[in-house]
Amino acid sequence: MPQNALLAIDQGTTSSRAIVFSENAEIIASSQLEFTQFYPNDGWVEHDPEEIWSTTLTVCKDAIAIAQEAGYLIKSIGITNQRETTVVWDRKTGKAIYNAIVWQDRRTADICAKLSSKNIDLSSRSGLRLDPYFSATKIAWILDNVEGARQRASAGDLAFGTIDTFLIWRLTGGVVHATDTTNASRTNLMNLHTLAWDDELLSLFNVPAAVLPEIKQSEDDFGTTADGLLDQRYPIGGVAGDQQAALIGQCCFTPGTLKSTYGTGCFALVNTGETPLRSSNQLLTTVGYSINGKTSYALEGSIFIAGAAVQWLRDGIKVIDNAKQTKALAETVEDSHGVVLVPAFAGLGAPHWDPHARGSVFGLTRGTTEAHLARAALESVCYQTHDLLNAMQQDGIEVASIRVDGGMVANNWVCQYLADILNIDVVRPQVMETTALGAAYLAGLHCGLYKDLTQLTAQNPIDKTFEASMSSEQRSKSITRWKAAVDATRLFAQTAQQAETQ
């Protein structure tokens with residue numbers, strides 16, 4: 001007799017994955033395909049929506065086939081996705097009118113600068129800030145730069161969606177145009193308190209309501225896959241943005257529990273309970289999840305470049321052949337030889353929020369080697385996390401440990417250095433695919449495989465806990481050097497920008 005299983009679609013920034021989990025959170029099948037990154041101008045990042053769709057469909061078919069051969073039956077599908085990335089498509093054809101504008105994209109920095117003169121308090125409404133990172137200005141840019149798009153949008157001929165919404169539309173054959181509260185909370189268009197689209201925000205960003213999807217819970221009915229798409233029709237029962245999905249996968253269901261995910265970027269979320277908590281230290285207030293009629297909120301710190309720094313070492317300056325080499329290289333040197341990398345390739349996120357900053361390297365000498373650069377890249381991820389944790393602590397949140405996940409934390413060196421710099425325990429789970437697992441949990445809750453959140457917490461085993469071993473003196477020196485590098489990076493960006501406007 002077939003065993004119950006759940007399919008998680010994990011559509012990320014650089015690849016599309018499908019993972020089948022057993023009811024006990026064991027990985028039964030997995031398939032992954034990378035897709036093309038486009039950089040048409042400085043600070044611009046785009047994806048081809050058709051390539052996102054084709055890779056997603058392919059990996060789903062592959063994972064389902066493997067699971068079925070192993071004797072498993074898919075009960076429901078959960079979707080998790082790169083957040084803020086924006087697609088606008090024709091409702092009749094389903095075709096995008098422009099490439100997907102990726103969350104890392106900075107092209108709307110000038111739009112944000114102009115809007116800032118209106119002194120709108122976004123934080124009190126959306127929980128976010130005025131930054132190109134979020135979807136609202138990306139939507140406006142597409143409507144204003146594709147011929148006839150704004151008129152078509154106002155007439156109801158176009159649809160907007162973050163990647164979850166685009167995939168739901170395609171999976172259901174255009175029947176369902178919906179998103180969930182976590183993804184909607186990343187657009188700068190949803191009111192955090194009402195969990196509905198906000199008319200004043202729509203007016204501010206000049207986004208017509210006609211393009212917007214319906215907002216549902218994270219665990220909800222998102223329709224059924226269309227006939228002929230997969231081997232059979234499957235219900236879609238859960239949706240969450242990737243970082244909130246990881247919060248669920250890490251079972252951070254009580255206020256004060258903190259997780260940090262290390263993928264292309266790094267995102268730390270701490271559960272703050274059923275009331276939105278406003279940060280005084282440049283952190284974002286966001287929806288953590290909406291399940292069974294209740295919404296939990298989170299404070300988030302967003303780092304734009306984490307694993308992408310390692311990709312730069314590999315693909316940009318070609319000092320490594322593969323990401324795994326960084327661990328071996330870092331271990332060959334006692335320290336970074338004074339080298340500090342500030343990976344502001346797409347600007348700086350929280351708590352600095354400087355869209356004009358660009359990547360910089362300090363402390364180079366003739367003795368600098370690829371090992372020092374590799375170590376500096378890994379260290380930069382830990383220093384950026386320290387900045388986030390420090391902001392959370394200043395907001396009055398006490399954190400005793402941090403639960404980590406994502407591709408980078410398979411590296412023991414990174415986890416240990418993170419514990420040393422943060423001076424708290426770093427806890428790594430056995431199942432490190434927690435983003436996909438969170439999506440599967442949502443689908444499982446909706447179809448009745450799981451009774452409640454307590455059942456999920458009981459099956460979340462720990463792989464290893466890393467404890468701090470660095471001296472306080474060394475920690476202080478390292479953090480001081482990092483802060484000096486960040487300050488210098490921002491000063492350079494400010495000076496360069498002033499020079500361009502003269």
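The values are calculated or read from the model by the stated rules, or taken from the named source; none is laboratory data. Just so we're clear, the structure is a prediction, and the values are computed from it rather than from any experiment. Glycine gets a Cβ as well: all are built from the backbone with ideal geometry, and neighbour counts include every protein chain shown.
Only residues that are free of Cβ contacts under 8 Å to residues at least 40 places away in the same chain and under 23 Å from A8 (Cβ atoms) were counted in the stretch 66-115, giving 1.
T13 passes every criterion in (1) surrounded by 22 or more Cβ atoms within 10 Å (Cβ to Cβ); (2) more than 25 Å from P461 (Cα to Cα); (3) modelled with pLDDT of 95 or more; (4) hydroxyl-bearing (S, T, Y) apart from (3).
In the set I28, I79, which member is surrounded by fewer than 24 Cβ atoms within 10 Å (Cβ to Cβ) and either touching a strand residue (DSSP E or B) at 6+ places or on another chain (Cβ under 9 Å) or in a strand (DSSP E or B) (or both)?
Working: I79 fails: surrounded by fewer than 24 Cβ atoms within 10 Å (Cβ to Cβ).
Answer to the selection: I28.
Restricting the stretch 311-343 to residues that are within 30 Å of L130 (Cβ to Cβ) and surrounded by 24 or more Cβ atoms within 10 Å (Cβ to Cβ) leaves a set whose member that is nearest to the chain's Cα centre (by Cα) is P343. Going by what's in this entry, would L449 be described as part of a loop (DSSP other than H, G, I, E, B) and in contact with an Asp or Glu (Cβ under 8 Å, 6 or more places away or on another chain)? Yes: the conditions hold for L449.
Would you confirm whether or not the stretch 299-316 contains a residue that is more than 20 Å from Q217 (Cβ to Cβ), among the acidic types (D, E) and free of Cβ contacts under 8 Å to residues at least 40 places away in the same chain? Checked against the condition, which is being more than 20 Å from Q217 (Cβ to Cβ), among the acidic types (D, E) and free of Cβ contacts under 8 Å to residues at least 40 places away in the same chain, the stretch 299-316 yields at least one hit.
Residue-by-condition table, conditions (1) at pLDDT 90 or above; (2) surrounded by fewer than 18 Cβ atoms within 10 Å (Cβ to Cβ); (3) in a strand (DSSP E or B); (4) in contact with a Phe, Trp or Tyr (Cβ under 8 Å, 6 or more places away or on another chain):
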| residue | (1), (2), (3), (4) |
| --- | --- |
| V414 | yes, no, no, yes |
| A419 | yes, no, no, yes |
| L437 | yes, no, no, yes |
| A443 | yes, no, no, no |
| Q455 | no, yes, no, no |
| A485 | yes, no, no, yes |
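The set of residues in the stretch 239-251 that are crowded, with 24+ Cβ neighbours inside 10 Å and either assigned to a loop (DSSP other than H, G, I, E, B) or under 10 Å from the mean Cα position of the chain (by Cα) (or both) comprises G241, D242, Q243, Q244, A245, A246, Q250.
Screening the stretch 115-155 for residues that are of a type in the set (G, A, S) and under 28 Å from A240 (Cβ atoms) and picking the one that is surrounded by the fewest Cβ atoms within 10 Å (Cβ to Cβ) gives S124.
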